[in-house]
Amino acid sequence: MRLVVIGGVAAGMSAAARARRADPSLEIVVLEKGPQVSWAACGLPYLLSGRVNRPEDLIIRPAESFQRERNIGVRTGAEVAAIQPSRRQVALCGGERLAYDRLVIATGARPERAVAGADQPHVFTLHTLEDGRRIRAFLEEQRPRRAAVIGGGYIGLETADALAERGLAVTLFEAGADLLGRADPELTRRLAEHLEGQGIELRLNTPITAVEDLSAAGAPAELVILAARLHPNVELAAEAGIELGRTGAVRVTDRMETNLAGIYAAGDCIETLHLVTGGPVYLPLGTTANKTGRVAGANAAGARERFPGVAGTMIVALRGLAAGVTGLSPAQARKEGFQPTAVHITAEDRSRYLGSRPTLVELVADRRTRRLLGGAVLGERGVAGRVNVIAAALTAGMAVEQLAQLDLAYAPPLAPVWDPLLLAARALLKELG
Ligand code: FAD
């Protein structure tokens, strides 16, 4: 029995590792077209800022150790050109064919490069370890002073912040009106204020379709990072007859099965179920890639596991500010047919006599059902913990009353007696009447 996994990063390696635990006798082969498997893309911004010293520091586990320690065969430089489901085999670039009994597709996503002039030597994407290496070398050798980052999602924000930390003058361009891809003017306003305070110039509603546009926009740059959008790598799957979903990513069941028997998919190439809307969503994140990879690996090896879906939780870490979001913003909720009402409160993140700082909490609920629909937390400290509580409440389908009554922790140096989340929930109850 042979399991073949295409793609050797978060989803692919999680699938391989989980399959090995589920079935010690399974033959497992991971095919990765790049030079590296098992590395932490999420650490790339810190390689740019210098907080991570060397690209190698982002490698979680060297390729050889998988064979030695887990009996997982890893082949790097092995690109799959086609999947042939009728023969249960994959064809590699170069002509070799490899049979499978079970297949996990974990081909990830790729950043948008459709900007005229993107092939110039000072224009990069930040997606692979090689990208990180090249940008870091460019920073050290060319010593650019002005950078433009295109895309106001979390990768664009973290990249802009990392370059500013290095001392570059940074302009961040976003084609739409919102940051973090979340139709949320209040969140965008607060983030924009913070960026400005850090000396990062933000241009919203400014689509960049050519590198030359930057000079015309008064922001000529010696370094350009394209971080506008991610596209799921679905071509291999689609050509093999695997169905895509409404979002354009691979459609899978909660067991990560595709429509073809014996073929599973996981990570940034799939869409998942949104726990609040109940519909499909494309939210490519490392957390989800690891979990869906595990589930795909377990089921491919004969165990039975399921992935219930995502609440849409995400956090971005900038110097001096973290912004965490989960569920729906008011505008997103309206678009989904809810009747949202929202509050924004600013509260102390710990007891004042121990040096508290303000934390902003946004909570969104449905007027009809009083169910919590989403939230955001912005602050210097404690943001992950608070946004995670909201995510748990969303997952449990809590009403605002239940959130307001949660038994949350209090100790003066860590959190105030009335946690900002509880204050926000009380304010939302008042709104709901
Ligand atoms: P990928 O990591 O894209 O891996 C897919 C692999 O498949 C690639 O190595 C590719 O070479 C290989 N492949 C593709 N096609 C083929 C083929 N035909 N044959 C063989 N191999 C193939 N997520 C978070 O949750 N939190 C964060 O803070 C965070 N920060 C990030 C910061 C940056 C700069 C980036 C780029 C991403 C960040 N992410 C973060 C997202 C996270 O890294 C991804 O969601 C995760 O890596 C997806 O894993 P994956 O295995 O699905 O896909």
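Where does helix 420-432 land angle-wise versus the long Cα axis of the chain, in degrees 0 to 90, nearest 10? Roughly 70 degrees, rounded to the nearest 10. Entry comment: accessible area of the range 13-54 is 41 Å² per residue, from protein heavy atoms only and a probe of 1.4 Å. For the pair GLU79 and GLU305, label points projected 7 Å from Cα toward Cβ lie 3.1 nm apart. Normalised per residue, the accessible area of the range 322-432 is 44 Å², obtained with a 1.4 Å probe and no contribution from ligands, DNA or RNA.
In order along the range 51-56, phi translates into HN-Hα couplings of 5, 9, 6, 10, x, 4 Hz, rounded to whole numbers, per the Karplus curve 6.51 cos²θ - 1.76 cosθ + 1.60 with θ = phi - 60° and x for Gly and Pro.
Within the accessible surface of the chain, defined with a 1.4 Å probe on protein heavy atoms only, the carbon and sulfur portion equals 50 percent. Using a probe of 1.4 Å on the protein chains alone, the accessible area found for THR253 is around 60 Å².
Can you compute log10 of I(q)/I(0) for the range 77-177 with the Debye formula, treating each Cα as one identical point scatterer, at q = 0.21, 0.23 Å⁻¹? At q = 0.21, 0.23 Å⁻¹ the computed log10 ratios are -1.09, -1.26. Using only Cα coordinates, the Kirkwood hydrodynamic radius of the range 113-226 works out to 14.1 Å. Ranked by the mean number of other Cβ atoms within 10 Å of their residues, highest first, the peptides 316-329, 397-410 fall in the order 316-329, 397-410. If I fit a long axis through the Cα atoms of helix 286-300 and take the longest principal axis of the Cα atoms of the chain, what angle between them do I get, 0 to 90°, rounded to 10? For 286-300 against the chain, the angle is about 40 degrees. Which residue fluctuates the most in the chain, going by a Gaussian network model with Cα springs under 10 Å, if the choices are SER65, SER14, SER38? Of SER65, SER14, SER38, the most mobile in the Gaussian network model is SER65.
A Cβ-based charge dipole, computed about the Cα centre of the range 173-213 with Lys and Arg at +1 and Asp and Glu at -1, lands at about 120 debye. A simple count of charges around ARG21, restricted to other residues whose Cβ falls under 13 Å of its Cβ and scoring Lys, Arg +1 and Asp, Glu -1, yields +1. Over all pairs of different C-alpha atoms, the range 252-411 has a mean inverse distance whose reciprocal, the Kirkwood radius, equals 17.1 Å. The charge dipole of the chain, taken about the Cα centre with unit charges on the Cβ atoms of Lys, Arg (+1) and Asp, Glu (-1), comes to about 900 debye, rounded to the nearest 20.
Taking a straight line from the alpha carbon of LYS335, these lysines sit under 29 Å away, with near neighbours fewer than eight places off in the same chain left out: LYS291, LYS430.
Against the chain, whose longest principal axis is taken from its Cα atoms, helix 185-197 shows a tilt of about 90°. Overall shape of the chain was characterised from the C-alpha gyration tensor. The equivalent ellipsoid obtained from it has semi-axes of 36, 29, 20 Å, in decreasing order. Residues SER356, SER86, ordered by accessible area of protein heavy atoms at a 1.4 angstrom probe radius and largest first, appear as SER86, SER356. On full extension, the segment bounded by ASN71 and ARG319 gains 85.1 nm, given 0.36 nm per residue less the C-alpha separation. Equivalent-ellipsoid semi-axes for the range 1-99 (Cα gyration tensor, √(5λ), whole Å, largest first): 27, 17, 10. Sequence-distant contacts, meaning Cα pairs under 8 Å at least 6 residues apart, place the relative contact order of the range 342-412 at 26 percent.
Each principal axis of the Cα cloud of the range 322-432 was evaluated for its coordinate range; sorted largest first, these ranges are 44, 25, 22 Å.
Modelled label positions at GLN405 and GLU212, each set 7 Å beyond Cα in the direction of Cβ, lie 6.5 nm from each other. A 1.4 Å probe, protein heavy atoms only, puts the accessible area of CYS93 near 80 Å².
The values are calculated or read from the model by the stated rules, or taken from the named source; none is laboratory data. From a predicted model like this one, the values you see are computed outputs, not experimental measurements. Here the Cβ is made from the backbone with ideal geometry for all residues, glycine too, and neighbour counts use every protein chain on show. Note: areas computed on protein heavy atoms with side chains; ligands, DNA, RNA excluded. Shrake-Rupley method; radii C 1.70, N 1.55, O 1.52, S 1.80 Å.
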